[in-house]
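See below for the structure under consideration.
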Amino acid sequence: MNALKKIKQTDFLQQRRYEAVCFLIVFFGVFGYLGHVMGVSNMLKTIMNTAWDLLLNTVFYIMGITVLSGALGKLLIEFGVVRLLEKILAPFMKPLFNLPGVAALAGVLTFLSDNPAIINLANDKNYSKYFKNFQLVSLTNFGTAFGMGLVVITFMSTLKVEGDDTNFFIPALVGLLGAVVGAVVSTRLMQRLIRNKITPRKDDDFEGAVEKISFKSEGGVFLRFLNSILDGGKSGVDLGLAIIPGVLIISTMVMMLTFGPSDAVKGYQGLAYEGVPILPKLADYIWWLFEGLFGFKDSELIAFPVTSLGAVGAALSLVKAFLAKGLIDGNVVAVFTAMGMCWSGYLSTHTAMLDTLKYRELTSNALLSHTVGGIVAGTFAHYCYVLVEMLFL
């Protein structure tokens, strides 16, 4: 027994050594190449300047939106609007998503907040009793498709092109519709993949459940209003703080692999948002695919959906850089909104969500389903916007 344990420990240590070697090769390979092209001093300055500019000009702007949307979301919950929306949307749940009507509540709450809101609902027996087991697990895909939806739509619809009065509200709504289509595909595909892998729950699993889900409040109207906006605003601050690591780390890295020098004549100067355009060069090999699916006109735009895989807040931080370069139009906003909402950082949340639900082994199914759903969302948004533009714009 001790010999077997010692062999396993030796194998584990050997595996860790391989990981360390691979990590060092990748780490020094990437940063060595960036330092070689940009100059080590310029590379380090760009990293610091980009992170600093993102913190001041992007994170705090997004945080302002999350605070306001958090307060609004709490008000909608407190005064019954969310329950009303649940009743209105409930008839669409079964035909579209193969979910019971109460699933609408999960979609509305994640739209107003973020993906993890689904976990509290799924772990509540008063809520989960309405679902079959495979339906309950597919809530991770359904809820994620609407995560931070209010923040994404608000951000996109308030974009302004300098010297142009173009309004992006309609493209953002088209993107919302694309996210819904992506949610349908992701949720249905997830259910199809896992249906035969999950055993039905027993009746005693719901012991202690009551007949209705309720949001109980106490106090007068003014006190409830005041508590709602303060508590909701506080949750918005928490969400704003939570996106800081993703924005500063992921966005800085993605930007340094997307953009070139700020001035082609002067070359690299260590300014914010400089880098070596590796991602666009890689995307150029299959650019016909991205142009056909999403209607993108510039290969740099692929950075947004790539970043959305890890954190939608970080992806939003790329938009202002694209805006400054004149790459943003109605179609781009529609596709970004659809893919940003549908994917909304699912690579970083799906594993934790399924682990909480005690179905970690189904993570690969969830990731595959949601990848397909996000691509469908962006493709639908593109062609839907083309149709809307032809008919109305």
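The values are calculated or read from the model by the stated rules, or taken from the named source; none is laboratory data. Owing to the predicted nature of the structure, the values given are computational and were not obtained by experimental measurement. Ideal geometry is used to build each Cβ from the backbone, glycine not excepted, and the neighbour counts take in all protein chains shown.
From the list Val181, Val185, which one is over 24 Å from Gly70 (Cα atoms), in contact with a Gly (Cβ under 8 Å, 6 or more places away or on another chain) and assigned to a helix (DSSP H, G or I)? Please lay out each step first, then the result.
Details: Val181 fails: in contact with a Gly (Cβ under 8 Å, 6 or more places away or on another chain).
Result: Val185 is the single residue among Val181, Val185 that is over 24 Å from Gly70 (Cα atoms), in contact with a Gly (Cβ under 8 Å, 6 or more places away or on another chain) and assigned to a helix (DSSP H, G or I).
If you scan the stretch 117-176, which residues turn out to be buried (at least 24 other Cβ atoms within 10 Å of the Cβ), more than 24 Å from Phe294 (Cβ to Cβ) and among the polar types (S, T, N, Q)?
Ser138, Thr140
Any idea which of (1) in a helix (DSSP H, G or I); (2) in contact with a Pro (Cβ under 9 Å, 6 or more places away or on another chain); (3) closer than 20 Å to Ser369 by Cα; (4) not basic (Lys, Arg) is the one Phe131 doesn't satisfy?
Tallying (1) in a helix (DSSP H, G or I); (2) in contact with a Pro (Cβ under 9 Å, 6 or more places away or on another chain); (3) closer than 20 Å to Ser369 by Cα; (4) not basic (Lys, Arg), Phe131 fails exactly one: (1).
Filtering the stretch 165-178 down to residues that are of a type outside the set (A, V, I, L, M) and assigned to a helix (DSSP H, G or I), which residue is nearest to Lys94 (Cα to Cα)?
If we filter the stretch 165-178 for residues that are of a type outside the set (A, V, I, L, M), which is where we start, we get 165-169, 171, 175, 178.
With the extra rule that they be assigned to a helix (DSSP H, G or I), the set shrinks to 169, 171, 175, 178.
Details: Phe169: 29, Pro171: 28, Gly175: 23, Gly178: 19 Å.
Residue satisfying both the conditions and the ranking: Gly178.
What residue, of Ser344, Ser317, is crowded, with 18+ Cβ neighbours inside 10 Å, at pLDDT below 90 and out of contact with any Leu (no Cβ under 9 Å at 6 or more places or on another chain)? Quick ask: steps written out before the conclusion?
Details: Ser317 fails: out of contact with any Leu (no Cβ under 9 Å at 6 or more places or on another chain).
Result: Ser344 is the single residue among Ser344, Ser317 that is crowded, with 18+ Cβ neighbours inside 10 Å, at pLDDT below 90 and out of contact with any Leu (no Cβ under 9 Å at 6 or more places or on another chain).
As an exercise: evaluate Leu159 against (1) more than 18 Å from His350 (Cα to Cα); (2) at pLDDT 85 or above; (3) not in a loop (DSSP other than H, G, I, E, B) and give the number of the one condition it does not meet.
Unmet for Leu159, out of (1) more than 18 Å from His350 (Cα to Cα); (2) at pLDDT 85 or above; (3) not in a loop (DSSP other than H, G, I, E, B): (3).
If Thr363 satisfies all but one of (1) in contact (Cβ under 8 Å) with a residue 40 or more places away in the chain; (2) under 19 Å from Val185 (Cα atoms), what's the number of the condition it fails?
Failing condition for Thr363: (1).
List the pairs whose first member sits in the stretch 37-55 and is in a helix (DSSP H, G or I), whose second member is surrounded by 15 or more Cβ atoms within 10 Å (Cβ to Cβ) and polar (S, T, N, Q), and whose Cβ atoms are under 7 Å apart, counting only residues at least 6 apart or on separate chains?
Final answer for the pair search is Met38/Thr46; Asn42/Gln269; Ile47/Thr252; Thr50/Thr252; Ala51/Thr252; Leu54/Ser251; Leu54/Thr252; Leu54/Ser317.
Just to be sure, is Val151 over 30 Å from Val388 (Cβ atoms), assigned by TED's automatic domain parsing to the domain that holds Gly373 and not in a loop (DSSP other than H, G, I, E, B)? Show your work before the answer.
Numbers: over 30 Å from Val388 (Cβ atoms): no; assigned by TED's automatic domain parsing to the domain that holds Gly373: yes; not in a loop (DSSP other than H, G, I, E, B): yes.
Against the criterion (over 30 Å from Val388 (Cβ atoms), assigned by TED's automatic domain parsing to the domain that holds Gly373 and not in a loop (DSSP other than H, G, I, E, B)), Val151 does not qualify.
Could you tell me whether any residue of the stretch 67-88 is under 30 Å from Leu223 (Cβ atoms), exposed (fewer than 14 other Cβ atoms within 10 Å of the Cβ) and among the hydrophobic types (A, V, I, L, M, F, W, C)?
yes
When the stretch 259-291 is examined, which residues are found to be aliphatic (A, V, I, L, M) and either outside any helix (DSSP H, G or I) or under 18 Å from Ala324 (Cα atoms) (or both)?
Start the filter on the stretch 259-291 by keeping residues that are aliphatic (A, V, I, L, M), which leaves 264-265, 271-272, 276, 278-279, 282-283, 286, 289.
Scanning the stretch 259-291 gives Ala264, Val265, Leu271, Ala272, Val276.
Quick check on this structure: which one of Leu248, Leu279, Leu289 is under 23 Å from the mean Cα position of the chain (by Cα), surrounded by fewer than 17 Cβ atoms within 10 Å (Cβ to Cβ) and among the hydrophobic types (A, V, I, L, M, F, W, C)? Can you show your working first?
Values: Leu248 fails: surrounded by fewer than 17 Cβ atoms within 10 Å (Cβ to Cβ); Leu279 fails: surrounded by fewer than 17 Cβ atoms within 10 Å (Cβ to Cβ).
Every option except Leu289 fails the conditions.
Regarding the stretch 163-178, can at least one residue be identified that is hydroxyl-bearing (Ser, Thr, Tyr), modelled with pLDDT under 90 and in the same structural domain as Thr110 (by TED's automatic domain parsing)? Quick ask: steps written out before the conclusion?
Of the residues in the stretch 163-178, the ones hydroxyl-bearing (Ser, Thr, Tyr) are 166.
Remaining after also requiring modelled with pLDDT under 90: 166.
After this cut, where a residue has to be in the same structural domain as Thr110 (by TED's automatic domain parsing) as well, the list is 166.
Yes.
Looking at the structure I just gave you, is Val319 without any contact (Cβ under 8 Å) to a residue 60 or more places away in the chain and under 24 Å from Thr158 (Cβ atoms)?
Working: without any contact (Cβ under 8 Å) to a residue 60 or more places away in the chain: no; under 24 Å from Thr158 (Cβ atoms): yes.
When the stated conditions are applied, Val319 does not pass them.
If you go through the stretch 143-164 one residue at a time, do you hit one that is within 23 Å of Lys94 (Cα to Cα) and either over 13 Å from the mean Cα position of the chain (by Cα) or among the aliphatic types (A, V, I, L, M) (or both)?
Yes - at least one qualifying residue is present in the stretch 143-164.
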